Amino acid sequence: MPDSDSVSYDLTDGVATITLNRPDSMNSLTSEAKDSLLAAIEHAKADKNARSVLLTGAGKAFSAGQDLREHGDLLGSGQGLNDTVRTQYNPIVLGLVRMPKPVVAAVSGVAAGAGAALAFACDLRIASEKASFLMAFANVGLGADSGASWTLPRLVGHSRAMEMLMLAEPVTAQRALDIGLVNSVVAHDELPGAARELALRLANGPTVAYAAIKAELAFGSGLDLASALEMEASLQDQCAETTDHANATLAFLKKEKPAFEGH
């Protein structure tokens, strides 16, 4: 993993922790930060020792989204968005959604705009009681990007997604839990431990099966039932050939706890 001042990468006990590390600017996303984040995601995907991924932010915020100071400079020089949506945000979101390993987002504070969309692209979200989510795009005269138009309605439904995007009002952690935006809310001081415990549980689980589940849900959400059934059958055949499946089945019959090896 290349060194970066804006994103850190740590691998411990099978958990690859990717930390947005610009706390003084609420982990806002500069061009360099986006490049470093994509590099970290690609590194986690290729790292054979990484069995789950934990995405979090340093300091009080998860991410405030696009760095508006940098964006303002680009506007002033006539460069507009500088194609950052296609060349940076889109590959990051695809990298998270298509990661063949479970991805957990630990949201400690503000997650706004593209920063919130990054959390939505993860498989599971655990939030501090101090967390909040803001679809801030309309506040600066923009539509949704970073996959929010795809991920958000799948999490909370069309009507609530429309409300969050059009009204652009903050959603508290408790409200986020109530509408299905996050999976759990914990006390602020407990978030690092709780998020790591969840990521470690997934790292010790049947990672081949997790990859199949991710692929099935992503595929099935946009296609007809017959196509989803065929996708399930194909992936189930692959999973059935793994050592993990054989060992887990035998462990079940022996009333023992299975040990998963990822193959």
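The values are calculated or read from the model by the stated rules, or taken from the named source; none is laboratory data. Worth saying up front: this structure is predicted, and the values here are computed from it rather than measured. A quick note on method: Cβ atoms are made from the backbone with ideal geometry, for glycine too, and the neighbour counts reach across all protein chains shown.
Figures for the structure shown
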| item | result |
| --- | --- |
| Failed item, numbered, when residue 211 is tested on (1) assigned by TED's automatic domain parsing to the domain that holds residue 129; (2) crowded, with 17+ Cβ neighbours inside 10 Å; (3) among the aliphatic types (A, V, I, L, M) | (1) |
| Residue 44 being aliphatic (A, V, I, L, M) and either touching a His at 6+ places or on another chain (Cβ under 8 Å) or surrounded by fewer than 24 Cβ atoms within 10 Å (Cβ to Cβ) (or both) | no |
| Options 59, 14, 65: the member that is surrounded by fewer than 17 Cβ atoms within 10 Å (Cβ to Cβ) and among the small types (Gly, Ala, Ser) | 59 |
| Residue within region 90-111 that is more than 23 Å from residue 42 (Cβ to Cβ), at pLDDT below 95 and in contact with a strand residue (DSSP E or B) (Cβ under 6 Å, 6 or more places away or on another chain) present | no |
| Scan of region 242-263 for residues that are closer than 13 Å to residue 206 by Cα and surrounded by 11 or more Cβ atoms within 10 Å (Cβ to Cβ), ordered by number | 242, 243, 244, 245, 246, 247, 248, 249, 258, 260, 261, 262 |
| Those helices (runs of 4 or more DSSP H) lying entirely in region 164-252 with at least 2 residues touching a Pro at 6+ places or on another chain (Cβ under 9 Å), of a type in the set (Val, Ile, Thr) and at negative phi | 207-220 |
| Selected residue [basic (Lys, Arg) and buried (at least 20 other Cβ atoms within 10 Å of the Cβ)] from 160, 201, 175, 125 | 125 |
